[in-house]
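The values are calculated or read from the model by the stated rules, or taken from the named source; none is laboratory data. Here the structure is a predicted model, which is why all the values come from computation and not from measurement. Virtual Cβ from ideal backbone geometry, glycine too; neighbours counted across all protein chains shown.
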Amino acid sequence: MSRIADWPQLFGHIITATGWTRSEVEALTLREANELLEYWSEHPPAHVLLAAMMRPRPLRKQRESSNDLPSVVDRAGGAVSRVAVPAIARILQL
């Protein structure tokens, strides 16, 4: 299914750039919204400029590793013992 516009994206962009409420944006005609977008194509809003400067990237590097408990604990800087300490061994035998 194709859409004429990505309405959530459009509304979000106008609301973020102007600080207007959703009902204020809904009151715009398509012509008025288009005029805003044309102006912003030459003079981008601050959040667009900042995003372009920051060049969004993933927060964490993707690792190709196992997600089993010992691997996760090891990546967090801990260690997993394969043998229970005596106090835990006594509890597990109950």
Has region 10-20 got at least one residue that is modelled with pLDDT of 80 or more, at positive phi and either touching a Ser or Thr at 6+ places or on another chain (Cβ under 8 Å) or not β-branched (Val, Ile, Thr) (or both)?
yes
Residue tally, condition in a helix (DSSP H, G or I) and either in contact with a strand residue (DSSP E or B) (Cβ under 8 Å, 6 or more places away or on another chain) or surrounded by 11 or more Cβ atoms within 10 Å (Cβ to Cβ) (or both), over region 6-21:
9
If you scan region 43-94, which residues turn out to be surrounded by 10 or more Cβ atoms within 10 Å (Cβ to Cβ), at pLDDT 70 or above and part of a loop (DSSP other than H, G, I, E, B)?
Pro44, Pro45, Ala84
